[in-house]
Amino acid sequence: MASAEAFHCSVVTPERAILDSETIGPVQFVAFPAHDGEVGIMPQRAPLLCRLGSGVLRVKTADATHRFFIDGGFAQMVDNKLTLLTEQARAETELDRDSVLKELEEARAMSVEGGGHAERQAAIRRAQEQLKLTPERR
């Protein structure tokens, strides 16, 4: 059971459970992209229901900080348990810089005809957020 200085956290996509406190241990802090900015969660936070945006999710335990790219969904904090239901979650170790750069290039080449400007901007932003998790080659 989580102490007063930690809480339970789980991240779930339609395909699978990505992260759970049962495997990584009690969580001390989480920061996630909301639809209107970044939200930070600490133990014993008041109940919260929030729409997720696209960006970097940081989950801090006593031993490590786990980082993921997430894309949309919802976050709920209740009874010292944070649940993030997201369309997509990719651990930083799963991201390949060359693939992400290719995604960015494809997003920039998307057509904006027929009202596609918003989709193009969202695709560019998703790729740029993923790039934050991929180290540059030296």
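The values are calculated or read from the model by the stated rules, or taken from the named source; none is laboratory data. In this text the structure is predicted, and so the values were computed from the model without any measurement. Note that each Cβ is placed from the backbone with ideal geometry, even for glycine, and that neighbours are counted across all protein chains shown.
A few remarks follow.
- Residue tally, condition touching a Phe, Trp or Tyr at 6+ places or on another chain (Cβ under 9 Å), without any contact (Cβ under 8 Å) to a residue 60 or more places away in the chain, surrounded by fewer than 20 Cβ atoms within 10 Å (Cβ to Cβ) and assigned to a strand (DSSP E or B), over region 66-107: 1
- Test for residue 23: is it out of contact with any Phe, Trp or Tyr (no Cβ under 9 Å at 6 or more places or on another chain) and polar (S, T, N, Q): yes
- Residue count for region 21-42, restricted to those that are more than 24 Å from residue 129 (Cβ to Cβ) and either part of a strand (DSSP E or B) or modelled with pLDDT of 95 or more (or both): 0
- Residue count for region 66-93 under the criterion of being over 20 Å from residue 36 (Cβ atoms) and β-branched (Val, Ile, Thr): the result is 2.
- Reported count of residues in region 87-96, each being touching a helix residue (DSSP H, G or I) at 6+ places or on another chain (Cβ under 8 Å) and at pLDDT 90 or above, is 1.
- Options 136, 119: the member that is part of a helix (DSSP H, G or I), surrounded by fewer than 16 Cβ atoms within 10 Å (Cβ to Cβ) and over 17 Å from the mean Cα position of the chain (by Cα): 119
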